[in-house]
Amino acid sequence: MGNKKILAVCTAGAVLAMGLMSACGKSDEKSGSAAKTSEASVVTNDNGSVARTYTESTVTTNGNMVTERRRETRTPLDADGNMLESSTSEYTQSYPVGEEGMSCFATRVEEKGDESAGARKEDGFLGLKFGEVFASTNFVADADEPTLLRAAFTPKKALAGFDDYYVYVTPTTHKVVKVYACAKEAIEPNTSWRRHYLIEALEKRYNTWARPRSWCRPIYTFAVGSGRFVTACLYGASRDYETVLVAWDDALLTTAADETEAIRLEARKNAVEKRKARIDDAASAF
């Protein structure tokens, strides 16, 4: 993957913020409340081209229902400042929040009465199980994940529209910690007036509601149980990918950090011993 970056949250490389404006308006309690934000930014690419982005977002709350509306206009310019094109994307979706919204999922699990099935749902992602050893001879280091090693893989069942899949493992034992699915083009970017099908699919898969992580970006997190999470960024995820899904295990991240520290301690110990041997060898020659 070279020097590409894949992130679970929306980033854009070298971003120069041009301005940030926000305005909030509230109505009475009967009709709910609304918050509106707008953001303008400029991204300068390595080849000198520029991409200008203007985003308007509105979040409306009515009872336990939240409705998000987002409109983004992108204007890329070449290195000479000439406008290449202008494109606009919009999306709208609604979802429940609060204890009332969560109750229907909890009830459905209890009615099934199969706790082992629930446990099986949370132990993997795209056919890989967290904590299992992933065998590969093509592990590479990733500057964004200094405690993990990365390898590309092919899932048994690919996601429609996704291009690349990556697994991140612990550096010594090679246990699966994170799993990524990345799409170079946004998956259904013009979805309007209904929830994105990927969000509904993840809710169905893990039996839990999506939680928004940003007021102005389509980023959602799913707490799937046992310290495991899934994050979905529907578009604008990184310089190389528009849509990114990532699942990870918090406990295994700690394991990876411990293994990395053990590797560093061993390297320091070897360096000290090697230096001492060189000093002793030189001293005996004098």
Within segment 207-228, count every residue that is surrounded by fewer than 18 Cβ atoms within 10 Å (Cβ to Cβ) and more than 23 Å from Met65 (Cβ to Cβ).
-> 3
Do we find a residue being modelled with pLDDT under 70 and under 18 Å from Glu200 (Cβ atoms) anywhere in segment 109-118?
-> yes
Positions within segment 55-76 being buried (at least 16 other Cβ atoms within 10 Å of the Cβ), within 21 Å of Ala237 (Cα to Cα) and among the hydroxyl-bearing types (Ser, Thr, Tyr), in sequence order | Thr55, Ser57, Thr58, Thr75
Given Val177, Val224, which one is of a type in the set (A, V, I, L, M), touching a strand residue (DSSP E or B) at 6+ places or on another chain (Cβ under 7 Å), at pLDDT 90 or above and within 26 Å of Ala158 (Cβ to Cβ)?
-> Val177
Some residue of segment 194-202 being under 12 Å from the mean Cα position of the chain (by Cα) and either farther than 29 Å from Thr60 by Cα or surrounded by 13 or more Cβ atoms within 10 Å (Cβ to Cβ) (or both) | no
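Residues in segment 138-167 that are part of a loop (DSSP other than H, G, I, E, B) and closer than 17 Å to Cys182 by Cα: how many? Steps first, answer last, please.
Taking segment 138-167 as the starting set, the residues that turn out to be part of a loop (DSSP other than H, G, I, E, B) are 138-139, 142-148, 153-163.
Right, trim to closer than 17 Å to Cys182 by Cα and you get 142, 144-145, 153-163.
Within segment 138-167, residues that are part of a loop (DSSP other than H, G, I, E, B) and closer than 17 Å to Cys182 by Cα number 14.
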When segment 229-251 is checked residue by residue, the ones that are more than 12 Å from Cys182 (Cα to Cα), charged (D, E, K, R) and surrounded by fewer than 22 Cβ atoms within 10 Å (Cβ to Cβ) are Asp250
Inspect segment 40-55 for any residue being of a type in the set (Lys, Arg), modelled with pLDDT of 50 or more and touching a strand residue (DSSP E or B) at 6+ places or on another chain (Cβ under 7 Å) and give the result as yes or no.
-> yes
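Matching residues to (1) on the phi < 0 side of the Ramachandran plot; (2) in a helix (DSSP H, G or I):
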{"residue": "Lys204", "(1), (2)": "yes, yes"}
{"residue": "Trp209", "(1), (2)": "yes, no"}
{"residue": "Tyr220", "(1), (2)": "yes, no"}
{"residue": "Ala223", "(1), (2)": "yes, no"}
{"residue": "Thr231", "(1), (2)": "yes, no"}
{"residue": "Gly236", "(1), (2)": "no, no"}
{"residue": "Ala257", "(1), (2)": "yes, yes"}
{"residue": "Ala282", "(1), (2)": "yes, yes"}
Between residues in segment 196-217 that are in contact (Cβ under 8 Å) with a residue 24 or more places away in the chain and residues that are assigned to a loop (DSSP other than H, G, I, E, B) and β-branched (Val, Ile, Thr), which pairs lie under 7 Å by C-beta distance while being six or more apart or on different chains?
-> Leu198/Ile187
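Looking at this structure, is Glu200 outside any helix (DSSP H, G or I) and acidic (Asp, Glu)?
Values: outside any helix (DSSP H, G or I): no; acidic (Asp, Glu): yes.
When the stated conditions are applied, Glu200 does not pass them.
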Is one or more of the residues making up segment 259-272 in a helix (DSSP H, G or I), polar (S, T, N, Q) and out of contact with any Asp or Glu (no Cβ under 8 Å at 6 or more places or on another chain)?
-> yes
Answer with yes or no whether Thr137 is modelled with pLDDT under 90 and among the hydroxyl-bearing types (Ser, Thr, Tyr).
-> yes
Residue check, Ser89 against (1) modelled with pLDDT of 75 or more; (2) within 25 Å of the chain's Cα centre (by Cα), all met but one. Which one?
-> (1)
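The values are calculated or read from the model by the stated rules, or taken from the named source; none is laboratory data. From a predicted model like this one, the values you see are computed outputs, not experimental measurements. Every residue, glycine as well, gets a Cβ built from its backbone with ideal geometry; the counts of neighbours run over all protein chains shown.
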